Amino acid sequence: MALSKHKEASFFRDSFFNHLPRLKRFSTAEASVRTGAPGSPRERCLTMATVNPHVKAVEYAVRGPIVTRAGDLERALRQGQNQSFTEVIKANIGDAHAMGQQPITFLRQVVALCCFPELLESPSFPDDAKQRAQRILQDCGGQSLGSYSASQGVECIRRDIADYITHRDQGVPSDWNNIYLTTGASDGIMSILKLIVSGQGSSRTGVMIPIPQYPLYSAAISELEAVHINYYLDEDHCWALDIEELQRAYLTAKQQCQPRVLCIINPGNPTGQVQSKKCIEEVLHFAFEENLFVMADEVYQDNVYALDCRFHSFKKVLYEMGPEYFNNVELASFHSTSKGYTGECGFRGGYMEVLNMDPQVEAQLVKLLSVRLCPPVPGQAAMDVIVNPPKVHEPSYAQFTKEKNSVLDVLAHKAMLTERILNSVPGIKCNPVQGAMYAFPQIFIPPRAIQEAQSRSLAPDMLYCLKLLEETGICVVPGSGFGQREGTFHFRMTILPSPEKLEVLLGQLKEFHLRFLEEYSQQEPQIPRTAHDQHRETSEQPA
Amino acid sequence: MSATRMQWLSPRNLRLLNPGRNESLRRGGSGCRSLTLPLSPGRALSGPSATRRGLPKEKMTENRAPPRAKVLTIDTMNPTVRKVEYAVRGPIVQRALELERELSEGMKKPFVEVIKANIGDAHAMGQQPITFFRQVLALCSYPELLNDSTFPEDAKSRARRILQSCGGNSMGSYSASQGIDAVRQDVARYIERRDGGVPCDPDNVYLTTGASDGIVTMLKLLVCGEGATRTGVMISIPQYPLYSAALAELAAVQVNYYLNEEKCWSMDLGELQRSLEEARRHCNPRALCVINPGNPTGQVQSRQCIEDVIRFAAKERLFLMADEVYQDNVYADGCQFHSFKKVLFDMGPEYSDAVELASFHSTSKCYMGECGFRGGYMEIINMDEEVKAQLTKLVSVRLCPPVPGQALMDLVVNPPQPGEPSHDKFIKERTATLSALAEKAELTEQVLNTVPGISCNPVQGAMYSFPRITIPEKAVKEATDKGQQPDMFYCMKLLEETGICLVPGSGFGQREGTHHFRMTILPPKDKLTILLNKVKEFHQRFTQQYS
């Protein structure tokens, strides 16, 4: 047993070093000078020295080096190489179907009917699915999903979305002219940021983002050469957004740039908190006072699990704050087909609603979108089903409701399970997963492990996650990819694996964590305990 | 919710009630800032009188808190976005949509229908999808259909193969950012077949969201430097305006080289050299974009010409971008599509090991015309390994190209084979579409060339004709007085009088003093004939009116 453990360890080290060069490729920011590599007769036109520096600055941990390594391990497993695990479990990305979640039948029926309209004659499809498909096709050029749509999206789908929002927000009016279909929410977020970035030096646009954040934001800000303004969520209060912290971040940043945008993710990614109505009011008031464009990332609006939490849309809260706010605050809110109970990531469907945008800028937005022609039409069709699901009297209603509730109930169960098991591990502390699809626990990493990581130019939580992957096949994303208070360490894991698998995963994680603490302990007898206490202290220190 | 609250007008409604606002904004300057302000509640309820009411209010605010300006205005938005232009969906198309709406509301027009010949949107013009493709897509979308006996076996086996390479056997999973492995392998094999065995490594293939996405991504990688070292990108004139739009957005330097209209829009080496040398005085030209078959110009490049271009790129160390989305759209006798990659490899290792090349393909054109699925791929050759890692990272931020589009791309590169149940039908449908296109290409050239004052090069390939039109001096003057490009003036008038929507040549670029328009050859033949005759009549009328 001891021998095999030793073997494992040496295997880990070997494979670890093996892929270090690959890691380096992602982490080196400085340009390398090529002096004519062998076999290459001349210097290339496009090298690390001449590639767009803003692209170089982009980082996206959710699909970063750790995921590349997971892919390598998966391939090795398939080719029959022996590992200490039989399967790589990718808990790195909110990819529900890949984790076994079943698509909503009605949605897929409508998409299939749109793809192959001959099926409209088939008796095996319900009438409500056929009606939805016919309605979408009628608004497509030549009644085909293969036509370009208008750049803002298919008109009847935009109207359906506006109706959906009005309904969701209990009557707050939504104008379909303010709705833009997008290629997933990411595309919409990117387009709005692109519109707004301007100025040079101290007038350069600053964008306020939560820390921890979903790294699309930091990646987009880097690519657009805007200024990152970090505001920290309060881990001790369940990742709540604190107005004083917003104020602090804003005032500090104002000396170096022009803060113009405030991004909020609610329910939170990676942090899983659901904002209270009062908190949203405060945020909107702040944005109003400081004249900030608000971007509300609400893609997890259907993913609320905690019994004492509810989703409040920024738009509805804005409306309730009165006309001075509702007619002034510039707000873009984002939704997607990828999350919720549908989990249709591959279709790249999404929309944004844009309020109070200057009409001239709006024309610029339409122009910008038109260059990319249109969002994928099958994704638009999927979005339509989400905003216009079967109604009570329609034939698919019962099955649709059953499927939807079953997905959401299972997610709620897994959210609770994850929090509970993680909190049973000494040295791991996890806030309640109130919503979204992730847990973002804080982990204690012993000083010796931190030293080792530093000597390898790795973030300590990257070392932790890589080791976890090598030893257990579990792929999670280090907290450093999302941002965290200095000196604290986290990882993000999805709650998407099936309950059985999730339980196994959490069990393995627990064992790994204890092993990790032991391995890097400095011969103290009661490591886990000490670690736990230390961890408590660490987390209570303001950073 | 109180009744009064429900009465608030949305900003949009307010704008509709207050059409004068845009006008006053345009006159702009600093005054525009205060005018963009605020739809305070009183104003919101008052509607049309808002502007009047707004003025005293602003005076009041001058002495107090500063007036409430929008965060995002035309003056404070990203200036590079403002510079972007995209004529294919520009003002003329907006007007066409308005006209359509007016027609549907029963307004009287000198025409009964708006014909949109502005964009290569085949299905919208009535082209039918390939049955096999749509069957497989339906199967992938709703796998229960795999038990349906009315679907052919080859469609089912394709669907199974695609699904097996999707996470959780679902098109709803994210794929790898580069695209589904199996699809990339199929693309690689397709390229090898197409290029007579020149090897293709699936690692060099990236699935994209339409070809546009790939092109913008590659340009994004290439842009760096400031001032005289800023990246310059050589593009053909006339060009497809995606290129100029992307370059404007990326603040790269657009370097124009002119195609030779007298020689059927061919590429001329002397012109390339001239353009490059002039550009080198103020920027760092690093990439050369070629569209073959040409958009909007419809020429198909000869093998010799491609060789010359490659030699030029090698000599001048330019990154080559070959837009080959019309590779199946070659109609003229004696013309053949040659891929840049094949020619590059035929030129021997001196070139094939050195020249950096990205080539682009799409599901939107050829015989498929599946624009709405936003499928496409690019193949990248001789890219620096570290840069390739940067590319992979960059595409990963957007997660993945739409999976249904990837599935469709797979079918395009791996269609039914002889002996498979769907083969005959597939060939029949494909041939019908392509031969109809060939016929329409010829028809278009022929009819346009019968009009005095219009001269049209042969439409050897792609989906457009780009005829040169003579615009009388009086018309040029009237257009100039109106602050319009003469060909925009022409196309606008054509639209208003006939309902035909074309794109003015100025949206693609043209030699100074010449005027053109781009029209697609996509309408069904009978409609196309009517359209061409209407253009003919209009042109004669126009010429007479302004002579």
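Is it true that A:V172 is in the same structural domain as A:M357 (by TED's automatic domain parsing), more than 28 Å from B:Y174 (Cα to Cα), buried (at least 24 other Cβ atoms within 10 Å of the Cβ) and of a type outside the set (D, E, K, R)?
On the way: in the same structural domain as A:M357 (by TED's automatic domain parsing): yes; more than 28 Å from B:Y174 (Cα to Cα): yes; buried (at least 24 other Cβ atoms within 10 Å of the Cβ): no; of a type outside the set (D, E, K, R): yes.
Answer is no for this residue.
Please go through (1) more than 19 Å from the chain's Cα centre (by Cα); (2) among the small types (G, A, S); (3) open to solvent by less than 30 Å² (accessible area, probe 1.4 Å) for A:S84 and return the number of the only condition it doesn't satisfy.
All conditions are met except number (3).
Being of a type in the set (S, T, Y), under 30 Å from A:R108 (Cα atoms), buried (at least 21 other Cβ atoms within 10 Å of the Cβ) and in contact with a Cys (Cβ under 6 Å, 6 or more places away or on another chain) is the requirement here; does A:S333 meet it?
Values: of a type in the set (S, T, Y): yes; under 30 Å from A:R108 (Cα atoms): yes; buried (at least 21 other Cβ atoms within 10 Å of the Cβ): yes; in contact with a Cys (Cβ under 6 Å, 6 or more places away or on another chain): no.
No.
For region A:53-68, what are the residues that are touching a residue at least 40 places away in the same chain (Cβ under 8 Å) and within 25 Å of A:L468 (Cα to Cα)?
Taking region A:53-68 and keeping what is touching a residue at least 40 places away in the same chain (Cβ under 8 Å), we get A:54-55, A:57-62, A:64-68.
Residues satisfying the conditions are A:E59, A:Y60, A:A61, A:V62, A:G64, A:P65, A:I66, A:V67, A:T68.
For region B:118-155, name all the residues that are β-branched (V, I, T) and touching a residue at least 40 places away in the same chain (Cβ under 8 Å). Spell out the reasoning first.
Narrowing region B:118-155 to residues β-branched (V, I, T): B:119, B:130-131, B:136, B:150.
Those that are β-branched (V, I, T) and touching a residue at least 40 places away in the same chain (Cβ under 8 Å): B:I119, B:I130, B:T131, B:V136.
Here's the yes/no breakdown for (1) under 31 Å from the mean Cα position of the chain (by Cα); (2) within 11 Å of another protein chain (Cβ to nearest Cβ):
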residue: A:Q101; (1), (2): yes, yes
residue: A:L107; (1), (2): yes, yes
residue: A:V111; (1), (2): yes, yes
residue: A:L119; (1), (2): no, yes
residue: A:Q134; (1), (2): no, no
residue: A:Y148; (1), (2): yes, yes
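Check off (1) hydrophobic (A, V, I, L, M, F, W, C); (2) modelled with pLDDT of 75 or more; (3) open to solvent by 20 Å² or more (accessible area, probe 1.4 Å) for A:F17 and give me the number that stays unchecked.
Every condition holds for A:F17 apart from (2).
Of all residues in region A:150-179, which are polar (S, T, N, Q), in contact with a strand residue (DSSP E or B) (Cβ under 8 Å, 6 or more places away or on another chain) and within 10 Å of another protein chain (Cβ to nearest Cβ)?
Kept after step one, since they are polar (S, T, N, Q), are these residues of region A:150-179: A:151-152, A:166, A:170, A:174, A:177-178.
Keeping just the survivors that are in contact with a strand residue (DSSP E or B) (Cβ under 8 Å, 6 or more places away or on another chain) gives A:152, A:174, A:178.
Within region A:150-179, A:S174, A:N178 qualify.
Going through region A:481-495 one residue at a time, which ones are open to solvent by 10 Å² or more (accessible area, probe 1.4 Å) and farther than 22 Å from A:D72 by Cα?
Taking region A:481-495 first, the residues open to solvent by 10 Å² or more (accessible area, probe 1.4 Å) are A:481, A:483-489.
Within region A:481-495, A:G483, A:Q484, A:R485, A:E486, A:G487, A:T488, A:F489 qualify.
Would you say B:R230 is closer than 29 Å to A:M48 by Cβ, at pLDDT 95 or above and of a type in the set (K, R)?
Working: closer than 29 Å to A:M48 by Cβ: yes; at pLDDT 95 or above: no; of a type in the set (K, R): yes.
No: the conditions fail for B:R230.
Taking A:E324, is it open to solvent by 40 Å² or more (accessible area, probe 1.4 Å) and within 14 Å of another protein chain (Cβ to nearest Cβ)? Before you say what the answer is, go through the steps one by one.
Details: open to solvent by 40 Å² or more (accessible area, probe 1.4 Å): yes; within 14 Å of another protein chain (Cβ to nearest Cβ): yes.
Yes: the conditions hold for A:E324.
So which of A:G379, A:G350, A:G346 is under 30 Å from B:G376 (Cβ atoms), out of contact with any strand residue (DSSP E or B) (no Cβ under 8 Å at 6 or more places or on another chain), within 12 Å of another protein chain (Cβ to nearest Cβ) and crowded, with 24+ Cβ neighbours inside 10 Å?
On the way: A:G379 fails: out of contact with any strand residue (DSSP E or B) (no Cβ under 8 Å at 6 or more places or on another chain); A:G350 fails: out of contact with any strand residue (DSSP E or B) (no Cβ under 8 Å at 6 or more places or on another chain).
Unique residue meeting the criteria: A:G346.
Scan region A:414-427 and give yes if some residue there is on the phi < 0 side of the Ramachandran plot, open to solvent by 10 Å² or more (accessible area, probe 1.4 Å), touching a helix residue (DSSP H, G or I) at 6+ places or on another chain (Cβ under 6 Å) and not in a helix (DSSP H, G or I), otherwise no.
Scanning region A:414-427, I find at least one residue that is on the phi < 0 side of the Ramachandran plot, open to solvent by 10 Å² or more (accessible area, probe 1.4 Å), touching a helix residue (DSSP H, G or I) at 6+ places or on another chain (Cβ under 6 Å) and not in a helix (DSSP H, G or I), so the answer is yes.
Restricting the search to region A:353-404, which residues are closer than 22 Å to A:H335 by Cα and among the basic types (K, R)?
A:K367, A:R372, A:K391, A:K404
Only one of these conditions is not met by A:V67: (1) among the hydrophobic types (A, V, I, L, M, F, W, C); (2) open to solvent by 20 Å² or more (accessible area, probe 1.4 Å); (3) assigned by TED's automatic domain parsing to the domain that holds A:L496; (4) in contact with a helix residue (DSSP H, G or I) (Cβ under 6 Å, 6 or more places away or on another chain). Which number is it?
(4)
Can you tell me how many residues within region A:467-486 are part of a loop (DSSP other than H, G, I, E, B) and under 22 Å from A:T271 (Cα atoms)? Working first, answer last.
Going residue by residue through region A:467-486, those that are part of a loop (DSSP other than H, G, I, E, B) are A:473, A:476, A:482-486.
Those still in the list that are under 22 Å from A:T271 (Cα atoms) too: A:476, A:482-486.
Residues that pass the stated criteria total 6.
Against the condition among the charged types (D, E, K, R), more than 26 Å from B:I530 (Cα to Cα) and not in a helix (DSSP H, G or I), how does B:E379 come out, does it pass?
Working: among the charged types (D, E, K, R): yes; more than 26 Å from B:I530 (Cα to Cα): yes; not in a helix (DSSP H, G or I): yes.
Yes.
State all residues of region B:301-315 that are open to solvent by 30 Å² or more (accessible area, probe 1.4 Å) and either of a type in the set (A, V, I, L, M, F, W, C) or assigned to a helix (DSSP H, G or I) (or both); if no residue qualifies, say none. If you could, list the steps in order and put the result at the bottom.
Kept after step one, since they are open to solvent by 30 Å² or more (accessible area, probe 1.4 Å), are these residues of region B:301-315: B:302-304, B:307-308, B:311, B:315.
B:R303, B:Q304, B:E307, B:D308, B:R311, B:K315 - these are the residues of region B:301-315 that are open to solvent by 30 Å² or more (accessible area, probe 1.4 Å) and either of a type in the set (A, V, I, L, M, F, W, C) or assigned to a helix (DSSP H, G or I) (or both).
With the structure loaded, tell me whether A:S370 is at the interface with chain B (Cβ under 7 Å from one of its Cβ atoms), open to solvent by less than 10 Å² (accessible area, probe 1.4 Å) and among the hydroxyl-bearing types (S, T, Y) or whether it fails that test. Let's see the steps before the verdict.
Numbers: at the interface with chain B (Cβ under 7 Å from one of its Cβ atoms): yes; open to solvent by less than 10 Å² (accessible area, probe 1.4 Å): yes; among the hydroxyl-bearing types (S, T, Y): yes.
Yes: the conditions hold for A:S370.
Determine which single condition A:R260 fails, assuming it passes every other condition in (1) crowded, with 24+ Cβ neighbours inside 10 Å; (2) more than 10 Å from every other protein chain (Cβ to nearest Cβ).
(2)
Where in region A:275-386 are there helices (runs of 4 or more DSSP H), lying wholly inside it, with at least 3 residues that are modelled with pLDDT of 95 or more?
Details: elements: A:277-290, A:314-320, A:323-326, A:359-371.
Because the criterion is at least 3 residues that are modelled with pLDDT of 95 or more, the helices (runs of 4 or more DSSP H) in region A:275-386 that meet it are A:277-290, A:314-320.
Does any residue of region A:222-235 turn out to be within 27 Å of B:A248 (Cα to Cα), in a helix (DSSP H, G or I) and small (G, A, S)?
So far as region A:222-235 goes, yes, one or more of its residues are within 27 Å of B:A248 (Cα to Cα), in a helix (DSSP H, G or I) and small (G, A, S).
Need the failing condition index for B:Y367 against (1) more than 8 Å from chain A (Cβ to nearest Cβ); (2) buried (at least 24 other Cβ atoms within 10 Å of the Cβ); (3) modelled with pLDDT under 95, just the number.
Among (1) more than 8 Å from chain A (Cβ to nearest Cβ); (2) buried (at least 24 other Cβ atoms within 10 Å of the Cβ); (3) modelled with pLDDT under 95, the lone unmet condition for B:Y367 is (2).
Name the residue that is farthest from A:S336 (Cα to Cα), counting only residues in region A:184-205 that are open to solvent by less than 10 Å² (accessible area, probe 1.4 Å) and outside any helix (DSSP H, G or I).
Ranking the candidates gives A:T205 first.
Can you tell me how many residues within region B:224-241 are surrounded by fewer than 24 Cβ atoms within 10 Å (Cβ to Cβ) and in contact with a Ser or Thr (Cβ under 7 Å, 6 or more places away or on another chain)?
The total comes to 2.
Evaluate region B:328-343: report whether one residue or more is without any contact (Cβ under 8 Å) to a residue 60 or more places away in the chain, more than 25 Å from the chain's Cα centre (by Cα), within 14 Å of chain A (Cβ to nearest Cβ) and surrounded by fewer than 22 Cβ atoms within 10 Å (Cβ to Cβ). So that I can check it myself, show each step before the final result.
Applying the first criterion (without any contact (Cβ under 8 Å) to a residue 60 or more places away in the chain) to region B:328-343 yields B:333-334, B:336, B:338, B:340, B:343.
Okay, now just the ones that are also more than 25 Å from the chain's Cα centre (by Cα), so B:333-334, B:343.
Keeping just the survivors that are within 14 Å of chain A (Cβ to nearest Cβ) gives none.
Checking region B:328-343: not a single residue is without any contact (Cβ under 8 Å) to a residue 60 or more places away in the chain, more than 25 Å from the chain's Cα centre (by Cα), within 14 Å of chain A (Cβ to nearest Cβ) and surrounded by fewer than 22 Cβ atoms within 10 Å (Cβ to Cβ).
Only one residue in B:P404, B:P415 is assigned to a loop (DSSP other than H, G, I, E, B) and on the phi < 0 side of the Ramachandran plot. Which one? Working first, answer last.
Details: B:P404 fails: assigned to a loop (DSSP other than H, G, I, E, B).
Only one candidate passes the filter, namely B:P415.
Considering region B:382-399 alone, what residues qualify as being more than 7 Å from chain A (Cβ to nearest Cβ) and open to solvent by less than 10 Å² (accessible area, probe 1.4 Å)?
Answer for region B:382-399, where residues must be more than 7 Å from chain A (Cβ to nearest Cβ) and open to solvent by less than 10 Å² (accessible area, probe 1.4 Å): just B:L391.
The values are calculated or read from the model by the stated rules, or taken from the named source; none is laboratory data. Please read all numbers here as calculations on a predicted model, not as lab measurements. For neighbour counting, all protein chains shown are included, and Cβ atoms are generated from backbone atoms with ideal geometry for every residue, glycine included. Keep in mind that these areas ignore ligands, DNA and RNA; they rest on the heavy atoms of the full protein, side chains included. Shrake-Rupley method; radii C 1.70, N 1.55, O 1.52, S 1.80 Å.
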